[in-house]
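The values are calculated or read from the model by the stated rules, or taken from the named source; none is laboratory data. Since the model is a prediction, treat every value here as computed from it, not as a measurement. Glycine also receives a Cβ, built like all others from the backbone with ideal geometry; neighbour counts cover every protein chain displayed. With ligands, DNA and RNA removed, areas are computed over all heavy atoms of the protein, side chains included. Shrake-Rupley method; radii C 1.70, N 1.55, O 1.52, S 1.80 Å.
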Amino acid sequence: MFSVKRLLSAAVLVVMPLFFNSSVQAEVIGKLIRPYMSYSMTADDNILRIRDQMDAEALLGTNNLFDISHRFLGGAVIDKQISRQQLHFNGNWSHNRYEKFSQINNNAFNLQGNWNWFLGNRLEGNLGANFDKSLAPFLFQPAIKNVRSQHTEYFNFAWHYHPSWRLRGDYTHFDFQSDNVLLRFQNRREDRFETGIDYLASSGSSVGLQYRHIRGKFTTPIQTITENDYNQNEVKGRIDWKLSGKSHLRFLGGWVERNNASFSTSDFNGFNARMTYLWKPTGKIGITLSGWRETVAIQSLSANFSLNTGGSATTVWQFSEKTKLQGYFSYLTQKFDRFSVFTNRAADFSNNNKIFTASLELTYAPFHGTELSTAAVHNSLSSNSSLGGFTANGVTVSLRYILGNQ
């Protein structure tokens, strides 16, 4: 089991002696260890994503949903290469404060560690763990303070047993927990096993086939509402193709079967896919287009997963060495699984949602390691829920600094 305390203790034992040795400080700070910090301020006219049909006055004591939030973040990146072995660690802590809705104030932290290992000339892989504790988005839980913890441990390998063929394997353990007593029915664990084989072209492109098996368990279920266990099997084709020096296509798609231990009416059997096209028409402009149809886990009282269909577009224009402009657009439809627990027929007790997001961000790097950015964001939800949807508009200004080479 992943232990945050053990990881923090190990990091302190390795790093702290370096700070008290003046002879190595110059080589360590900025090269081996790269501290970073950032501050961001967001002004949003519906920062808690209150729905149209909710009584904001009764819930929050006001109908004015505008608020300003501040985020202070500090952390460090450690990169070390020993022969061919590559070690990476990234840890940060942040404080998030709201000027009006101070009951949502929270602290968050994130830890990531990875060992990119090599054995001989044909076998390589990764061993690592991630831990994230942060406030859940208000998209499906308006104005609810839900600090969730997510643990991930993984091991994977790639065996190049032939110059043109690669065998892959992957194991991932995932653990999700909420600290909100009323929302602990969301808590779940997953074990994911994956294997695949790829054909490697001389151009750097690849095509392959993979199989994934997922074993899931809701660890704090509400009887007759949420399920206890589920199994998911996937057989998918995989394409990573360099169409030209300026364009790149990625595709992962195939058949997915999900079986639930409690309610067979929420089983799923169908096609999932995600395609991404990357195009760089000039040295300063990059365009990324994505489309998907996927079953994903969702934290909701009446649904354990949703069928998501959508698309997105991202454009980046680096119009000078220090300045870039990025635009983002996405449209997502969510159809939740169905339950027949309360009636004899399969009735849809969940919601069908349509989510629209658009943003425009300008970033300026006045000197090495420093970034100043401002972004405007529009987010809206339309839903058949009795609570209705919402519309929100916000502006974020942020400053980020990292010491050393990036």
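Observations
- Computed FRET value (nearest 0.05) for ASP229 with SER102, which takes r as the C-beta separation and R₀ as 25 Å: 0.05
- Residue-level accessible surface for MET54, protein heavy atoms, 1.4 Å, Å²: 50 Å²
- Linear extension gain, TRP93 paired with ASN156, 0.36 nm per residue minus alpha-carbon span: 19.9 nm
- With all protein chains in place and ligands, DNA and RNA left out, the 1.4 Å accessible area ranks TRP255, TRP241, TRP292 as TRP255, TRP241, TRP292, largest first.
- Rounded accessible area of ARG250 (nearest 10 Å², 1.4 Å probe): 110 Å²
- Taking the square roots of 5 times each eigenvalue of the Cα gyration tensor of segment 349-406, largest first, gives ellipsoid semi-axes of 37, 12, 8 Å.
- Label-point gap, in nm, between ASN393 and LEU243 - each point 7 angstrom along Cα→Cβ: 3.6 nm
- Whole-percent carbon and sulfur share, accessible surface of segment 35-117, 1.4 Å: 55 percent
- Of the two radii for segment 96-149, the radius of gyration is 1.30 times the Kirkwood radius, both from the alpha carbons; that is the Rg over Rh value.
- All aspartates and glutamates inside 20 Å of LYS145 as judged from Cα atoms, apart from same-chain residues fewer than 8 positions distant: ASP44, ASP45, ASP52, ASP55, GLU57, ASP67, GLU99, ASP132, ASP175, ASP179
- Three-way shape call for segment 154-207 based on the alpha-carbon gyration tensor, with the a/c threshold at 1.5: prolate
- Length gained when the stretch SER205-ALA58 is fully extended (0.36 nm per residue, less Cα-Cα span): 47.2 nm
- Between ILE197 and LEU372, the contour length at 0.36 nm per residue exceeds the Cα-Cα span by 58.7 nm.
- Within the accessible surface of segment 165-258, defined with a 1.4 Å probe on protein heavy atoms only, the carbon and sulfur portion equals 56 percent.
- Within segment 112-134: backbone nitrogen closer than 17 Å to the LYS80 label point (7 Å, Cα to C-beta): 112-118, 127-129
- Cα gyration tensor shape for segment 70-201, rounded if a/c is under 1.5, else prolate or oblate: prolate
- Pairs from LYS284/LYS354; LYS31/LYS236; LYS246/LYS322; LYS133/LYS324; LYS80/LYS133; LYS217/LYS335 whose Cα-Cα separation, in the structure shown, is over 29 Å: LYS284/LYS354; LYS31/LYS236; LYS133/LYS324
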